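What follows is a short report on a single structure.
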Amino acid sequence: FLVFGSLFFMWFALSIPSPFWSEELLPQSFLTLLIAVTGAGFFLGCTNPLFIEFGVELTYPIPETASTVLITLCNNIGTMSFLFIPPEKNQVMTATMFIIVVITTITTTRIPEHYRRAELSYTK
């Protein structure tokens, strides 16, 4: 899901101007932007429960509620920070989101899977 969401988001980001390029690199229309945004929102939104579960696994033995609250808080602070970017700087916002999605995709896929809670329950 993360890869598909990243591809849709990159499609969207390359279809509009940004600080890195003065005009869109991919042809755009209302329909193509709608498909790109809908696909990115669907696939990236579907990964939220997976990331919360992954975060809980990584932070075990910290309680699940504490990990979930911290992940949600960081997500909300990051999202709210974009509210303070003025509309005339939307190219900066798009470039920032593009960089964040690429970095998160790369770093998340490099973390080894280690299921501490499951290992503990199997040893009992």
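If you average the C-alpha positions of the range 26-55 and of the range 71-104 separately, how far apart do those two centres end up, in angstrom?
Result: 15 Å between the Cα centres.
Just one of (i) 60; (ii) 35; (iii) 9 is percent of Cα pairs over 25 Å apart as worked out from the coordinates here. Which one is it?
Correct label, based on the coordinates given: (ii).
Would you list the membrane-span-like helices of the chain, meaning whole DSSP H runs whose alpha-carbon atoms span at least 20 Å along their axis and whose mean Kyte-Doolittle value is at least 1.0?
30-46, 90-110
For the range 75-124, rounded, prolate or oblate, judged on the Cα gyration tensor with a ≥ b ≥ c (square roots of eigenvalues), a/c < 1.5 rounded, else prolate if a/b > b/c?
Values: a/c = 9.50, a/b = 2.67, b/c = 3.55.
It is oblate, given that a/c is not under 1.5 and a/b is not larger than b/c.
Rounded to the nearest 0.05, what FRET efficiency do Ala118 and Phe82 have when you use their Cβ-Cβ distance and R0 = 35 Å?
0.45
Given a 1.4 Å probe and every protein chain left where it sits, what share in percent of the accessible area of the chain is carbon and sulfur?
Here carbon and sulfur together make up 73 percent of the probe-accessible area.
If R₀ is 22 angstrom, what is the calculated FRET efficiency for the pair Asn48 and Val102, using the beta carbon separation as r and rounding to 0.05?
On the way: r = 18 Å, r/R0 = 0.84.
After rounding, the FRET efficiency stands at 0.75.
What distance in nm separates the simple spin-label points at Asn75 and Phe1, each placed 7 Å from Cα in the Cβ direction?
1.0
How much accessible area per residue does the chain have, in Å², with a 1.4 Å probe?
Details: 8730 Å² over 124 residues.
Value for the chain: 70 Å² per residue.
The values are calculated or read from the model by the stated rules, or taken from the named source; none is laboratory data. Everything quoted here is computed from the prediction, not taken from an experiment. A quick note on method: Cβ atoms are made from the backbone with ideal geometry, for glycine too, and the neighbour counts reach across all protein chains shown. Accessible surface areas use protein heavy atoms only, side chains included; no ligands, DNA or RNA. Shrake-Rupley method; radii C 1.70, N 1.55, O 1.52, S 1.80 Å.
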